[in-house]
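The values are calculated or read from the model by the stated rules, or taken from the named source; none is laboratory data. The model shown is predicted, which means the values in this text are computed figures rather than measured ones. Every residue, glycine as well, gets a Cβ built from its backbone with ideal geometry; the counts of neighbours run over all protein chains shown.
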Amino acid sequence: SRTRIGIVGAGPAGLMLSHLLAVAGIDSVAIDLRSREEIEHTHRAGILEQGSVDLLLDSGVSDRVHRDGYRHDGIELAFGGGGHRIDFQGLVGASTQLYPQTDVFIDLADARERDGGDVRFGVTDVSVGDLTTDSPVMRFTDADGSAHEIRCDFLVGADGSRSLCRHQVPDSECTQYFREYPFAWFGILTEAPPSAPELIYNHSPHGFALISQRTETLQRMYFQCDPTENVDEWSDDRIWEQLQRRLNANGYTLKEGPITSKTVLPFRSFVQEPMHYGHLVLAGDAAHTVPPTGAKGLNLALADVRVLAEELERAVRNKDATPLATYTQRAVARVWKAQHFSYWMTTMLHTLPDATPFDVRRQEGELASVTGSVHGSTYLAECYTGWPGER
Ligand code: DHB
(Lines give C-alpha, C1' and ligand atoms only; values in the text may rest on other atoms or scores of the structure.)
Protein backbone atom coordinates (compact mmCIF):
# COMPACT_ATOMS: atom_id res chain seq x y z
CA SER A 1 0.00 0.00 0.00
CA ARG A 2 0.96 3.64 -0.16
CA THR A 3 0.94 6.76 2.00
CA ARG A 4 2.46 10.22 1.64
CA ILE A 5 4.74 10.09 4.67
CA GLY A 6 6.03 6.96 6.38
CA ILE A 7 7.09 7.59 9.97
CA VAL A 8 9.35 5.18 11.83
CA GLY A 9 8.85 5.87 15.54
CA ALA A 10 5.59 6.80 17.26
CA GLY A 11 6.97 8.62 20.28
CA PRO A 12 6.28 12.33 20.78
CA ALA A 13 8.23 13.38 17.63
CA GLY A 14 6.61 10.86 15.28
CA LEU A 15 3.10 11.38 16.63
CA MET A 16 3.30 15.18 16.66
CA LEU A 17 4.53 15.08 13.06
CA SER A 18 1.72 12.73 12.06
CA HIS A 19 -0.77 15.08 13.76
CA LEU A 20 0.61 18.24 12.11
CA LEU A 21 0.61 16.55 8.70
CA ALA A 22 -3.01 15.48 9.20
CA VAL A 23 -3.93 19.08 10.02
CA ALA A 24 -2.33 20.04 6.68
CA GLY A 25 -4.32 17.31 4.89
CA ILE A 26 -1.36 14.96 4.36
CA ASP A 27 -1.77 11.29 5.27
CA SER A 28 0.90 9.28 7.03
CA VAL A 29 1.49 5.92 8.67
CA ALA A 30 3.48 5.83 11.92
CA ILE A 31 4.94 2.60 13.32
CA ASP A 32 6.78 1.73 16.53
CA LEU A 33 8.48 -1.36 17.85
CA ARG A 34 7.23 -0.60 21.35
CA SER A 35 3.69 -1.09 22.60
CA ARG A 36 1.69 1.96 23.62
CA GLU A 37 1.83 0.78 27.25
CA GLU A 38 5.61 0.46 27.14
CA ILE A 39 6.05 4.05 25.92
CA GLU A 40 3.54 5.33 28.48
CA HIS A 41 5.55 3.77 31.28
CA THR A 42 8.96 5.10 30.26
CA HIS A 43 9.73 7.99 32.60
CA ARG A 44 11.23 10.97 30.85
CA ALA A 45 11.79 14.66 31.54
CA GLY A 46 9.00 16.90 32.65
CA ILE A 47 9.61 20.46 31.46
CA LEU A 48 8.00 22.04 28.40
CA GLU A 49 9.09 25.32 26.86
CA GLN A 50 6.36 27.85 26.11
CA GLY A 51 6.67 27.02 22.40
CA SER A 52 6.04 23.33 23.07
CA VAL A 53 2.95 24.15 25.14
CA ASP A 54 1.69 26.45 22.38
CA LEU A 55 2.24 23.75 19.75
CA LEU A 56 0.10 21.27 21.73
CA LEU A 57 -2.64 23.87 22.20
CA ASP A 58 -2.62 25.70 18.86
CA SER A 59 -2.46 22.59 16.69
CA GLY A 60 -5.45 21.13 18.54
CA VAL A 61 -3.79 18.16 20.24
CA SER A 62 -5.22 18.81 23.71
CA ASP A 63 -5.53 21.49 26.37
CA ARG A 64 -4.80 19.01 29.16
CA VAL A 65 -1.29 20.52 29.45
CA HIS A 66 -2.97 23.59 30.96
CA ARG A 67 -5.36 21.68 33.18
CA ASP A 68 -2.97 19.03 34.53
CA GLY A 69 0.37 20.82 34.18
CA TYR A 70 1.96 23.34 36.52
CA ARG A 71 3.26 26.67 35.31
CA HIS A 72 6.76 27.48 36.57
CA ASP A 73 7.91 31.09 36.36
CA GLY A 74 11.50 30.37 37.37
CA ILE A 75 14.05 27.92 38.73
CA GLU A 76 16.37 27.87 41.70
CA LEU A 77 20.13 27.55 41.21
CA ALA A 78 21.63 26.37 44.51
CA PHE A 79 25.35 26.56 45.24
CA GLY A 80 27.86 27.88 47.75
CA GLY A 81 25.48 27.46 50.70
CA GLY A 82 22.26 28.99 49.34
CA GLY A 83 19.62 29.25 46.65
CA HIS A 84 19.43 31.90 43.89
CA ARG A 85 16.23 32.24 41.90
CA ILE A 86 16.22 32.83 38.14
CA ASP A 87 12.97 34.74 37.53
CA PHE A 88 11.93 33.78 33.98
CA GLN A 89 8.83 35.98 33.98
CA GLY A 90 10.66 39.04 35.30
CA LEU A 91 13.68 38.56 33.04
CA VAL A 92 12.21 37.42 29.72
CA GLY A 93 8.43 37.38 30.20
CA ALA A 94 8.20 33.64 29.65
CA SER A 95 7.40 30.55 31.68
CA THR A 96 7.84 26.81 31.43
CA GLN A 97 5.27 24.13 32.14
CA LEU A 98 5.86 21.10 34.35
CA TYR A 99 4.15 18.37 32.32
CA PRO A 100 5.78 14.95 31.93
CA GLN A 101 6.76 13.66 28.51
CA THR A 102 4.62 10.57 29.11
CA ASP A 103 1.57 12.85 29.32
CA VAL A 104 2.56 14.58 26.09
CA PHE A 105 2.76 11.13 24.52
CA ILE A 106 -0.67 10.11 25.89
CA ASP A 107 -2.26 13.33 24.58
CA LEU A 108 -0.73 12.79 21.13
CA ALA A 109 -1.69 9.11 20.96
CA ASP A 110 -5.27 9.99 22.03
CA ALA A 111 -5.45 12.79 19.44
CA ARG A 112 -4.27 10.50 16.64
CA GLU A 113 -6.86 7.91 17.69
CA ARG A 114 -9.58 10.58 17.93
CA ASP A 115 -8.73 11.90 14.44
CA GLY A 116 -8.46 8.47 12.80
CA GLY A 117 -4.68 8.56 12.33
CA ASP A 118 -2.87 5.40 11.24
CA VAL A 119 -0.52 4.57 14.12
CA ARG A 120 0.70 1.02 14.74
CA PHE A 121 2.40 0.11 17.98
CA GLY A 122 4.16 -3.14 18.76
CA VAL A 123 5.30 -3.91 15.21
CA THR A 124 8.30 -6.18 14.52
CA ASP A 125 10.81 -6.81 11.73
CA VAL A 126 11.11 -3.14 10.75
CA SER A 127 13.26 -2.28 7.76
CA VAL A 128 13.43 0.64 5.35
CA GLY A 129 14.75 0.88 1.79
CA ASP A 130 14.97 2.68 -1.54
CA LEU A 131 15.80 5.87 0.36
CA THR A 132 17.45 7.62 -2.56
CA THR A 133 14.47 7.03 -4.85
CA ASP A 134 11.21 9.00 -4.91
CA SER A 135 9.39 5.96 -3.57
CA PRO A 136 11.09 4.84 -0.33
CA VAL A 137 9.64 1.86 1.49
CA MET A 138 8.90 0.88 5.08
CA ARG A 139 8.48 -2.84 5.83
CA PHE A 140 7.21 -4.33 9.08
CA THR A 141 5.07 -7.00 10.66
CA ASP A 142 1.96 -5.78 12.49
CA ALA A 143 1.20 -6.74 16.10
CA ASP A 144 -1.35 -9.25 14.67
CA GLY A 145 1.37 -10.96 12.62
CA SER A 146 0.57 -9.65 9.11
CA ALA A 147 3.48 -8.40 7.01
CA HIS A 148 3.30 -4.99 5.33
CA GLU A 149 5.23 -3.02 2.76
CA ILE A 150 4.28 0.64 2.58
CA ARG A 151 5.67 2.91 -0.10
CA CYS A 152 5.68 6.65 0.49
CA ASP A 153 6.90 9.97 -0.90
CA PHE A 154 9.16 10.63 2.06
CA LEU A 155 10.28 8.56 5.03
CA VAL A 156 10.85 10.06 8.47
CA GLY A 157 13.14 8.51 11.09
CA ALA A 158 11.70 9.62 14.42
CA ASP A 159 12.90 6.43 16.05
CA GLY A 160 14.86 7.74 19.01
CA SER A 161 18.46 7.63 20.15
CA ARG A 162 18.97 4.01 19.05
CA SER A 163 17.59 4.92 15.61
CA LEU A 164 17.49 2.29 12.90
CA CYS A 165 16.91 4.99 10.24
CA ARG A 166 19.99 6.99 11.23
CA HIS A 167 22.17 3.98 10.43
CA GLN A 168 20.86 3.88 6.84
CA VAL A 169 22.77 7.06 6.03
CA PRO A 170 26.20 6.12 4.60
CA ASP A 171 29.18 7.42 6.62
CA SER A 172 30.38 9.32 3.55
CA GLU A 173 27.10 11.30 3.47
CA CYS A 174 27.06 12.63 7.04
CA THR A 175 29.11 13.83 9.99
CA GLN A 176 28.53 12.57 13.51
CA TYR A 177 29.43 14.81 16.43
CA PHE A 178 29.77 13.05 19.74
CA ARG A 179 30.69 13.72 23.35
CA GLU A 180 30.52 11.53 26.44
CA TYR A 181 30.48 12.53 30.10
CA PRO A 182 32.05 10.64 33.01
CA PHE A 183 28.82 10.66 35.03
CA ALA A 184 25.11 9.81 34.81
CA TRP A 185 21.89 10.59 36.68
CA PHE A 186 20.24 8.36 39.22
CA GLY A 187 16.53 9.19 38.79
CA ILE A 188 13.80 8.43 41.29
CA LEU A 189 10.06 8.89 41.76
CA THR A 190 8.93 9.26 45.35
CA GLU A 191 5.50 9.36 46.97
CA ALA A 192 6.02 12.50 48.99
CA PRO A 193 4.79 16.10 49.02
CA PRO A 194 6.85 18.67 47.06
CA SER A 195 10.07 19.77 48.73
CA ALA A 196 10.06 23.08 46.85
CA PRO A 197 7.61 25.05 44.67
CA GLU A 198 10.02 25.19 41.70
CA LEU A 199 12.91 23.09 40.36
CA ILE A 200 16.19 23.22 42.24
CA TYR A 201 19.38 22.71 40.23
CA ASN A 202 21.73 21.96 43.11
CA HIS A 203 25.52 22.22 42.80
CA SER A 204 27.49 20.82 45.73
CA PRO A 205 30.96 19.51 46.55
CA HIS A 206 29.28 16.08 46.88
CA GLY A 207 27.91 16.20 43.32
CA PHE A 208 24.89 17.58 41.49
CA ALA A 209 21.24 16.96 42.37
CA LEU A 210 18.00 18.10 40.71
CA ILE A 211 14.76 18.42 42.63
CA SER A 212 11.75 18.31 40.32
CA GLN A 213 8.08 17.58 40.86
CA ARG A 214 5.20 15.68 39.29
CA THR A 215 2.06 16.23 41.40
CA GLU A 216 1.12 17.19 44.97
CA THR A 217 1.86 13.60 46.00
CA LEU A 218 4.57 12.43 43.58
CA GLN A 219 8.04 13.92 43.13
CA ARG A 220 10.88 13.42 40.64
CA MET A 221 14.49 13.77 41.78
CA TYR A 222 17.88 13.03 40.28
CA PHE A 223 21.43 12.90 41.57
CA GLN A 224 24.72 12.63 39.74
CA CYS A 225 26.20 9.13 39.91
CA ASP A 226 28.73 6.88 38.22
CA PRO A 227 27.49 5.66 34.79
CA THR A 228 28.02 2.03 35.86
CA GLU A 229 25.93 2.39 39.03
CA ASN A 230 23.55 -0.53 39.70
CA VAL A 231 20.12 0.52 41.06
CA ASP A 232 19.81 -2.75 43.02
CA GLU A 233 22.63 -1.61 45.28
CA TRP A 234 20.69 1.50 46.28
CA SER A 235 18.26 1.17 49.18
CA ASP A 236 15.82 4.02 49.82
CA ASP A 237 17.89 5.03 52.86
CA ARG A 238 21.09 5.19 50.85
CA ILE A 239 19.40 7.34 48.18
CA TRP A 240 17.90 9.77 50.70
CA GLU A 241 21.26 10.09 52.43
CA GLN A 242 22.89 11.16 49.15
CA LEU A 243 20.10 13.56 48.20
CA GLN A 244 19.83 15.16 51.66
CA ARG A 245 23.60 15.58 51.93
CA ARG A 246 23.77 17.44 48.62
CA LEU A 247 20.73 19.64 49.32
CA ASN A 248 21.61 20.28 52.96
CA ALA A 249 24.86 21.87 51.71
CA ASN A 250 22.72 24.71 50.35
CA GLY A 251 20.27 24.93 53.24
CA TYR A 252 17.42 22.72 51.92
CA THR A 253 15.81 19.71 53.56
CA LEU A 254 13.90 17.24 51.38
CA LYS A 255 10.57 15.69 52.28
CA GLU A 256 11.03 11.93 52.09
CA GLY A 257 8.64 9.18 51.06
CA PRO A 258 8.67 5.68 49.58
CA ILE A 259 10.71 5.48 46.35
CA THR A 260 8.67 3.84 43.58
CA SER A 261 11.11 3.98 40.65
CA LYS A 262 14.89 3.90 40.32
CA THR A 263 16.76 4.29 37.02
CA VAL A 264 20.20 5.34 35.79
CA LEU A 265 20.07 7.78 32.86
CA PRO A 266 22.95 7.99 30.39
CA PHE A 267 24.64 11.27 29.50
CA ARG A 268 25.56 11.93 25.91
CA SER A 269 25.77 14.76 23.42
CA PHE A 270 25.27 13.70 19.81
CA VAL A 271 24.39 15.29 16.47
CA GLN A 272 24.23 13.76 13.00
CA GLU A 273 24.35 16.26 10.14
CA PRO A 274 22.72 16.73 7.72
CA MET A 275 19.35 15.59 9.06
CA HIS A 276 18.27 14.31 5.65
CA TYR A 277 19.49 11.80 3.04
CA GLY A 278 17.69 11.23 -0.24
CA HIS A 279 14.01 10.93 0.65
CA LEU A 280 14.76 10.16 4.32
CA VAL A 281 14.67 12.76 7.12
CA LEU A 282 15.59 12.39 10.77
CA ALA A 283 13.80 14.14 13.63
CA GLY A 284 14.25 14.30 17.41
CA ASP A 285 16.61 11.93 19.23
CA ALA A 286 17.25 9.99 16.02
CA ALA A 287 19.24 13.00 14.79
CA HIS A 288 20.54 14.38 18.08
CA THR A 289 20.79 13.64 21.78
CA VAL A 290 21.42 16.09 24.61
CA PRO A 291 22.36 15.37 28.22
CA PRO A 292 19.25 15.78 30.41
CA THR A 293 20.34 18.90 32.32
CA GLY A 294 17.95 21.63 31.17
CA ALA A 295 15.33 19.23 29.76
CA LYS A 296 15.85 20.12 26.09
CA GLY A 297 15.37 16.66 24.49
CA LEU A 298 11.60 16.63 24.04
CA ASN A 299 11.41 20.37 23.33
CA LEU A 300 13.99 20.00 20.59
CA ALA A 301 12.12 17.06 19.06
CA LEU A 302 8.90 19.09 18.96
CA ALA A 303 10.72 22.08 17.46
CA ASP A 304 12.13 19.75 14.76
CA VAL A 305 8.77 18.39 13.69
CA ARG A 306 7.10 21.79 13.68
CA VAL A 307 9.61 22.86 11.01
CA LEU A 308 9.58 19.46 9.33
CA ALA A 309 5.79 19.45 8.86
CA GLU A 310 6.05 22.77 7.00
CA GLU A 311 8.89 21.60 4.77
CA LEU A 312 7.28 18.21 4.05
CA GLU A 313 4.11 20.00 3.01
CA ARG A 314 6.15 21.92 0.42
CA ALA A 315 8.03 18.78 -0.63
CA VAL A 316 4.83 16.77 -1.14
CA ARG A 317 3.09 19.59 -2.99
CA ASN A 318 5.99 20.18 -5.40
CA LYS A 319 7.15 16.53 -5.58
CA ASP A 320 10.62 17.78 -4.76
CA ALA A 321 13.17 16.87 -2.05
CA THR A 322 14.90 20.26 -1.73
CA PRO A 323 12.72 21.33 1.24
CA LEU A 324 14.43 18.52 3.20
CA ALA A 325 17.70 20.43 2.95
CA THR A 326 15.90 23.56 4.11
CA TYR A 327 14.59 21.55 7.07
CA THR A 328 18.13 20.55 8.05
CA GLN A 329 19.27 24.15 7.80
CA ARG A 330 16.42 25.51 9.92
CA ALA A 331 16.44 22.71 12.52
CA VAL A 332 20.20 22.51 13.00
CA ALA A 333 20.47 26.14 14.12
CA ARG A 334 18.31 25.41 17.15
CA VAL A 335 19.91 21.99 17.71
CA TRP A 336 23.34 23.52 18.27
CA LYS A 337 22.00 26.22 20.59
CA ALA A 338 20.35 23.49 22.64
CA GLN A 339 23.53 21.40 22.48
CA HIS A 340 25.50 24.28 23.88
CA PHE A 341 22.96 25.07 26.59
CA SER A 342 22.69 21.43 27.75
CA TYR A 343 26.48 21.08 27.75
CA TRP A 344 26.91 24.37 29.61
CA MET A 345 24.34 23.56 32.31
CA THR A 346 25.86 20.09 32.66
CA THR A 347 29.47 21.20 33.02
CA MET A 348 28.61 24.19 35.23
CA LEU A 349 26.63 22.07 37.70
CA HIS A 350 28.26 18.61 37.83
CA THR A 351 31.38 17.58 39.70
CA LEU A 352 33.94 15.68 37.61
CA PRO A 353 35.17 12.44 39.28
CA ASP A 354 38.69 13.91 39.53
CA ALA A 355 37.57 17.45 40.47
CA THR A 356 39.96 19.45 42.63
CA PRO A 357 38.83 22.01 45.22
CA PHE A 358 39.83 24.62 42.61
CA ASP A 359 37.35 23.17 40.11
CA VAL A 360 34.51 23.29 42.64
CA ARG A 361 35.26 26.87 43.69
CA ARG A 362 35.60 27.94 40.04
CA GLN A 363 32.14 26.51 39.30
CA GLU A 364 30.76 28.47 42.26
CA GLY A 365 32.34 31.56 40.73
CA GLU A 366 30.72 30.80 37.40
CA LEU A 367 27.32 30.26 39.04
CA ALA A 368 27.69 33.49 41.03
CA SER A 369 28.55 35.40 37.88
CA VAL A 370 25.34 34.10 36.27
CA THR A 371 22.96 34.62 39.20
CA GLY A 372 24.58 37.91 40.26
CA SER A 373 24.10 39.54 36.86
CA VAL A 374 20.86 40.54 35.16
CA HIS A 375 22.58 39.84 31.85
CA GLY A 376 23.85 36.43 32.97
CA SER A 377 20.47 35.46 34.43
CA THR A 378 18.66 36.71 31.32
CA TYR A 379 20.90 34.60 29.12
CA LEU A 380 20.07 31.48 31.14
CA ALA A 381 16.35 32.35 31.19
CA GLU A 382 16.29 32.86 27.40
CA CYS A 383 17.87 29.48 26.73
CA TYR A 384 15.83 27.61 29.35
CA THR A 385 12.48 28.96 28.17
CA GLY A 386 13.30 28.32 24.52
CA TRP A 387 14.90 31.35 22.83
CA PRO A 388 12.77 34.40 22.18
CA GLY A 389 12.00 35.17 18.55
CA GLU A 390 11.80 31.44 17.87
CA ARG A 391 8.79 30.77 20.04
C1 DHB B 1 13.22 17.23 34.72
C2 DHB B 1 14.26 16.68 33.99
C3 DHB B 1 15.30 17.47 33.57
O4 DHB B 1 16.32 16.94 32.85
C5 DHB B 1 15.34 18.81 33.88
O6 DHB B 1 16.38 19.57 33.48
C7 DHB B 1 14.29 19.37 34.58
C8 DHB B 1 13.25 18.56 35.01
C9 DHB B 1 12.10 16.38 35.17
O10 DHB B 1 12.10 15.18 34.89
O11 DHB B 1 11.20 16.88 35.85
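For (1) surrounded by 17 or more Cβ atoms within 10 Å (Cβ to Cβ); (2) at pLDDT 95 or above; (3) over 23 Å from the mean Cα position of the chain (by Cα), each residue gets a yes or a no:
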| position | (1), (2), (3) |
| --- | --- |
| Gln339 | yes, yes, no |
| Thr346 | yes, yes, no |
| Leu349 | yes, yes, no |
| Gln363 | yes, yes, yes |
| Gly376 | no, yes, yes |
| Cys383 | yes, yes, no |
| Arg391 | no, no, no |
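Between Ala368, Ala381, Ala333, Ala325, the distinction of being among the small types (Gly, Ala, Ser), within 16 Å of the ligand (Cβ to nearest atom) and assigned to a helix (DSSP H, G or I) belongs to Ala381 only. Count of segment 174-184 residues, restricted to those that are within 15 Å of the ligand (Cβ to nearest atom) and assigned to a loop (DSSP other than H, G, I, E, B), is 2.
Candidates are the residues of segment 232-251 that are in a loop (DSSP other than H, G, I, E, B) and in contact with a strand residue (DSSP E or B) (Cβ under 7 Å, 6 or more places away or on another chain); the one that is farthest from Val360 (Cα to Cα) is Trp234. What is the one condition in (1) of a type in the set (Val, Ile, Thr); (2) touching a residue at least 60 places away in the same chain (Cβ under 8 Å); (3) under 25 Å from Leu210 (Cβ atoms) that Val8 does not satisfy? The number of the failed condition is (3). Restricting to segment 277-307, name every residue that is among the small types (Gly, Ala, Ser) and either near the ligand (Cβ under 10 Å from one of its atoms) or crowded, with 24+ Cβ neighbours inside 10 Å (or both). Result: Ala283, Gly284, Ala286, Ala287, Gly294, Ala295, Gly297, Ala301, Ala303.
Taking the condition within 14 Å of the ligand (Cβ to nearest atom) and in a loop (DSSP other than H, G, I, E, B), does Glu229 pass? No, not satisfied.
Determine whether segment 307-321 contains at least one residue that is among the polar types (S, T, N, Q) and under 28 Å from Ser377 (Cα atoms). Among the residues of segment 307-321, not one is among the polar types (S, T, N, Q) and under 28 Å from Ser377 (Cα atoms), which makes the answer no. May I ask you to verify whether Asp304 is free of Cβ contacts under 8 Å to residues at least 24 places away in the same chain and either touching a Cys at 6+ places or on another chain (Cβ under 8 Å) or over 27 Å from Thr215 (Cα atoms) (or both)? For Asp304, the condition - free of Cβ contacts under 8 Å to residues at least 24 places away in the same chain and either touching a Cys at 6+ places or on another chain (Cβ under 8 Å) or over 27 Å from Thr215 (Cα atoms) (or both) - is not met.
So which residues in segment 23-48 are aliphatic (A, V, I, L, M) and within 30 Å of Ala381 (Cβ to Cβ), if there are any at all? Result: Ala45, Ile47, Leu48. Of all the listed residues (Ser28, Ser52, Ser35), the sole one being among the hydroxyl-bearing types (Ser, Thr, Tyr), on the phi < 0 side of the Ramachandran plot and surrounded by fewer than 24 Cβ atoms within 10 Å (Cβ to Cβ) is Ser35. Note on segment 208-223: residues that are more than 12 Å from the ligand (Cβ to nearest atom) and surrounded by 22 or more Cβ atoms within 10 Å (Cβ to Cβ) total 1.
Quick grid of which residues meet (1) in the same structural domain as Gly160 (by TED's automatic domain parsing); (2) among the hydrophobic types (A, V, I, L, M, F, W, C); (3) in contact with a strand residue (DSSP E or B) (Cβ under 9 Å, 6 or more places away or on another chain):
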| residue | (1), (2), (3) |
| --- | --- |
| His41 | yes, no, no |
| Asp54 | no, no, no |
| Val61 | no, yes, no |
| Arg64 | no, no, no |
| Gly69 | no, no, yes |
| Ala78 | no, yes, yes |
| Asp87 | no, no, yes |
| Arg112 | yes, no, yes |
| Asp115 | yes, no, no |
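Of all the residues in segment 185-207, those that are of a type in the set (Gly, Ala, Ser), away from the ligand (no atom under 13 Å from the Cβ) and closer than 21 Å to Thr351 by Cβ number 2.
Summed over segment 260-316, the residues that are in a loop (DSSP other than H, G, I, E, B), among the aliphatic types (A, V, I, L, M) and within 21 Å of Arg220 (Cα to Cα) give a count of 2.
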